[in-house]
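Engineer: Before anything else, here's the structure in question.
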Amino acid sequence: MRVFVTGATGFIGTALIPELKAAGHDVVGLARNQAAVAKLDTLGVAVHRGVLEEPKSLAEGVRTADGVIHLAFDHDFSRFVENGRKDNRAVEAMLALLEGTGKPFVVTSGVNLIMGKMAEETDSTPPDGFGAVRGASELATLAAAGRCVRAMVMRLPQVHDTRRQGLVTPIIQIARRKGFVGYAGDGSTGLSAAHVSDVARVYRLALEKGKAGAVFHAVDEEHVTMRAMTEAIGERLGLPVRGLGPDETGDYFGDFAMFAGMDNHASSAITRKALDWTPTGRGMLEDLRDCELDAVI
């Protein structure tokens, strides 16, 4: 299968490319600049030049592919709403090109869009607020399943290895600046997680055998508490760890405060059964204790 991958030079994309190639697929990676072209060249894949801001620039990559995996997203949280709309425009443009083909399209979303309960694949994203920003691309993708596109949603937890740990990476950066590792409240809030190698594999499995309209959760660990994560970080950095009261949290975390208190539980039971996927990678705490400090700047 010829697979067009957006976000091909990113954290997950660079793990997904060898996963796809090892399974016999040809990969075409989206590159927005010459640095990305050079990176894709080193990975041994074909290059398509384009940017999400100009959906028409993606057209040839989509048309000539047998399947599409959309990983790219601008993670500038200060422009989160705008970036969500940009993503949705790109998704709708790609899906329009795939209508009637029956080809697979996997869009990326997040399990943390669903709060207040154990997030399951059967849950819909909320109609408003934080979850609706990225949820619009989910809804567009699921609607396309009724227009002869094998359209699917992949919701991600905190994806990690020893170099990156999703939303936990900024906590490490803040701790290094502040001289101690802080957590909000009693530390009982937490996040779901999965190793990047397991995430790459579940994307491939969805591409190969996922059904139209399916929602998948790339989750290994359902809930790792913030207290446990900060203790692992403190151990690695050699810094003290302590809880923060409500009046301290904003000052310590700054613009990241809204994410520091996030609490997400997510299941992947349906995904494991549908795709015969069993995570085998290292756990979040293990990777935090061995994190590469030079990579966390």
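The values are calculated or read from the model by the stated rules, or taken from the named source; none is laboratory data. Quick caveat: nothing in here was measured; it's all calculated off a predicted structure. So basically every Cβ, Gly included, is an ideal-geometry build from the backbone, and we count neighbours across all protein chains shown. With ligands, DNA and RNA removed, areas are computed over all heavy atoms of the protein, side chains included. Shrake-Rupley method; radii C 1.70, N 1.55, O 1.52, S 1.80 Å.
Engineer: Taking the 0 to 90 degree range and rounding to the nearest ten, how far is the long axis of helix 196-209 tilted relative to the main principal axis of the chain, both from C-alpha atoms?
Structural biologist: The helix 196-209 is inclined about 30 degrees to the chain.
Engineer: Once you order the gyration tensor axes a ≥ b ≥ c over the Cα atoms, which shape class does the range 70-123 get: rounded for a/c under 1.5, otherwise prolate or oblate by comparing a/b with b/c? Spell out each step's value before the answer.
Structural biologist: Details: a/c = 2.88, a/b = 1.26, b/c = 2.28.
Oblate, since a/c reaches 1.5 and b/c is not below a/b.
Engineer: Magnitude of the Cβ-charge dipole of the range 239-282, K/R +1 and D/E -1, about the Cα centre, nearest 20 debye? Let's see the in-between values first.
Structural biologist: Numbers: 4 positive and 6 negative charges, 94 e Å.
Computed charge dipole of the range 239-282: roughly 460 debye.
Engineer: If I build a Gaussian network model for the chain, linking alpha-carbon pairs within less than 10 angstrom, which residue out of Ala269, Ala144, Ala200 has the largest mean-square fluctuation?
Structural biologist: Comparing Ala269, Ala144, Ala200 in the GNM, the peak value goes to Ala269.
Engineer: Just to confirm, what accessible area per residue do you get for the chain at 1.4 Å probe, in whole Å²?
Structural biologist: So the chain comes to 42 Å² accessible per residue, rounded to a whole number.
Engineer: Connecting C-alpha atoms closer than 10 Å in a GNM of the chain, tell me which of Met94, Met118, Met154 has the biggest fluctuation.
Structural biologist: Most flexible of the set in this elastic network: Met118.
Engineer: Please get the size of the charge dipole for the range 37-105, origin at its Cα centre, with Cβ charges of +1 on Lys and Arg and -1 on Asp and Glu, quoted in debye to the nearest 20.
Structural biologist: Values: 9 positive and 11 negative charges, 10 e Å.
It comes to approximately 40 debye.
Engineer: If you don't mind, another one. Please sort by residue number the trypsin sites (Lys or Arg not before Pro) in the range 113-148 whose DSSP state is loop and whose Cβ has at most 12 other Cβ atoms within 10 Å.
Structural biologist: Values: sites: Lys117, Arg134, Arg147; in loops: Lys117.
Listed in order of number, the matching sites are Lys117.
Engineer: So, one more: Compute the projected area of the convex hull of the Cα atoms of the range 127-217, averaged over all viewing directions, and report it in nm² to one decimal place. Working shown, then result.
Structural biologist: Numbers: hull surface 32.0 nm².
Mean projected area of the Cα convex hull: 8.0 nm².
Engineer: Still on this structure: Which value in nm describes the separation of the simple spin-label points at Ala96 and Lys209, placed 7 Å from the Cα toward the beta carbon?
Structural biologist: Label-label distance for Ala96 and Lys209, simple model: 3.5 nm.
Engineer: Which value does Rg/Rh take for the chain over its C-alpha atoms, Rh per Kirkwood? Walk me through the numbers on the way to the answer.
Structural biologist: Details: Rg = 18.9 Å, Rh = 19.6 Å.
That ratio is 0.97, to two decimals.
Engineer: Using alpha carbon coordinates only, what is the Rg to Rh ratio of the range 148-281, with Rh defined as the Kirkwood radius? Walk me through the numbers before you get to the answer.
Structural biologist: Details: Rg = 16.9 Å, Rh = 16.0 Å.
Result for the range 148-281 is an Rg/Rh of 1.06.
Engineer: So how compact is the range 235-297: Cα radius of gyration and Dmax in angstrom?
Structural biologist: That works out to 16.8, 46 Å for Rg and Dmax.
Engineer: I'd like the orientation of helix 34-43 relative to the chain: the angle between its Cα long axis and the longest Cα principal axis, in ° from 0 to 90, rounded to 10.
Structural biologist: With both axes taken from Cα atoms, the answer is about 80 degrees.
Engineer: Sticking with this structure for a sec: What number, in percent, do you get for the relative contact order of the chain if the mean sequence gap of Cα pairs under 8 Å and at least 6 apart is divided by its residue count? Present the calculation step by step, with values, prior to reporting the outcome.
Structural biologist: Numbers: 614 pairs, mean separation 55.3, N = 297.
Worked out over the chain, it gives 19 percent.
Engineer: To continue, here is another question. On the first, second and third principal axes, largest extent first, how far apart are the outermost C-alpha atoms of the range 51-181 in Å?
Structural biologist: Over the range 51-181, Cα extents along the principal axes are 56, 33, 27 Å.
Engineer: For the chain, which whole-number percentage of the solvent-accessible area (1.4 Å probe, protein heavy atoms only) is attributable to carbon and sulfur atoms?
Structural biologist: Details: 6270 of 12480 Å².
In the chain, the share of accessible area belonging to carbon and sulfur is 50 percent.
Engineer: Taking 7 Å along the Cα-to-C-beta vector as the label spot, tell me the Glu54-Arg85 distance in nanometres, rounded to one decimal.
Structural biologist: Placing both labels 7 Å along Cα→Cβ, they lie 2.1 nm apart.
Engineer: Right, something else. Alpha carbon centre of the range 262-283 versus the range 55-116: separation in Å?
Structural biologist: A separation of 22 Å, based on Cα centres.
Engineer: If you place +1 on the Cβ of every Lys and Arg, -1 on the Cβ of every Asp and Glu, and leave all else neutral, what size is the dipole of the chain about its Cα centre, to the nearest 20 Debye?
Structural biologist: On the way: 33 positive and 38 negative charges, 160 e Å.
Roughly 760 debye for the chain.
Engineer: Quick one: which residues, 5+ away or cross-chain, put their amide H under 5 Å from the amide H of Val28? H built at 1.01 Å from N.
Structural biologist: So Val28 has HN proximity to Val3, Phe4, Val5.
Engineer: While we're looking at this one, here's another question. Reachable lysines from Lys209, Cα under 19 Å, same-chain residues fewer than 8 places away excluded?
Structural biologist: Leaving aside lysines fewer than 8 places away in the same chain, those within reach of Lys209 are Lys21, Lys103, Lys273.
Engineer: Would you mind computing, in nm to one decimal, how far apart the modelled labels at Thr42 and Asp255 are, each placed 7 Å from Cα along Cα→Cβ?
Structural biologist: It is 2.8 nm.
Engineer: Assuming a ≥ b ≥ c are the square roots of the Cα gyration tensor eigenvalues, decide whether the range 26-72 counts as rounded (a/c under 1.5), prolate (otherwise, with a/b larger than b/c) or oblate. Please report the intermediate quantities before stating the final value.
Structural biologist: On the way: a/c = 1.99, a/b = 1.19, b/c = 1.67.
Taking the square roots of the gyration eigenvalues as a ≥ b ≥ c, the range 26-72 is oblate.
Engineer: Under 5 Å between amide hydrogens, which residues at least 5 positions from Ser109 or on another chain qualify, with H placed 1.01 Å from N in the peptide plane?
Structural biologist: Met154, Arg155, Leu156
Engineer: Using only Cα atoms, tell me the angle between helix 226-237 and the longest principal axis of the chain; keep it within 0 to 90° and round to the nearest 10.
Structural biologist: In the chain, helix 226-237 runs at an angle near 80 degrees to the longest axis.
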